[in-house]
Amino acid sequence: MQLIALNNPLFSRLWASTQPSLQRKIMLILFGSVLLAISAKISIPLHPIPITMQPLAVLFIGMTYGWRLAGATVVAYVLEGVCGLPVFAEAYAGPAIFLDPTAGYLIGFLPGAMLSGYLVEKGWGRSILSTAFAGFAGLMLIYIAGLSTLSFYLGFNKALILGVKPFLLLDLLKVLLLASIIPLFWRSSRK
């Protein structure tokens with residue numbers, strides 16, 4: 001079974017081989033999980049959810065790794081945190097994270113990365129507009145999962161005010177940043 005798309009822009013730029021080895025995949029998963037951990041530490045503390053760079057990292061990993069490897073990377077990151085490594089925002093660690101109001105956003109990283117990766121693999125990453133749509137679709141899955149869990153704790157209206165409104169503009173800017181970068185990977189991979 002093939003773990004990644006062979007025409008993935010990141011792989012074609014990093015390694016000329018058509019089939020990345022298991023060692024390379026493991027290295028990329030580790031690199032991606034470190035990137036997610038670092039992006040969690042770049043935060044502005046808000047209650048109940050801090051503003052972090054994680055949506056940018058999640059979508060970047062999805063769009064550059066492809067949906068399968070991006071999914072494996074997000075799962076590895078979550079498992080690292082559940083096992084006690086302080087990789088989550090605000091140095092949280094351990095399985096209790098899933099009892100936290102922010103757990104839905106963490107859970108949403110998986111489908112968000114996988115959907116954006118899948119869409120880019122299907123050709124949505126070759127123009128700014130299609131990449132923006134792929135990023136927005138992945139971001140919406142993160143928001144839906146996060147809002148669902150936060151609504152359980154706060155009610156829907158308060159969750160919308162505290163869990164979406166403060167983040168939406170900044171996250172849309174992150175998607176636009178990706179939309180301007182990801183098509184460059186495709187163009188440079190054709191050279």
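A few comments on the model shown:
- Each residue in the stretch 103-138 was checked for being closer than 21 Å to Ser151 by Cβ and either crowded, with 24+ Cβ neighbours inside 10 Å or touching a Lys or Arg at 6+ places or on another chain (Cβ under 6 Å) (or both), and 7 pass.
- The set of residues in the stretch 53-78 being surrounded by fewer than 21 Cβ atoms within 10 Å (Cβ to Cβ) and not in a helix (DSSP H, G or I) consists of Met53 alone.
- Counted residues, the stretch 30-81 - those being within 20 Å of Met114 (Cβ to Cβ), β-branched (Val, Ile, Thr) and at pLDDT 95 or above: 7
- Restricting the stretch 149-191 to residues that are within 21 Å of the chain's Cα centre (by Cα), in a helix (DSSP H, G or I) and β-branched (Val, Ile, Thr), the residue that is surrounded by the most Cβ atoms within 10 Å (Cβ to Cβ): Ile182
The values are calculated or read from the model by the stated rules, or taken from the named source; none is laboratory data. Small disclaimer: the values here were computed from a predicted structure and weren't measured. Cβ coordinates were reconstructed from backbone atoms using ideal geometry, including for glycine residues, and neighbour counts include every protein chain displayed.
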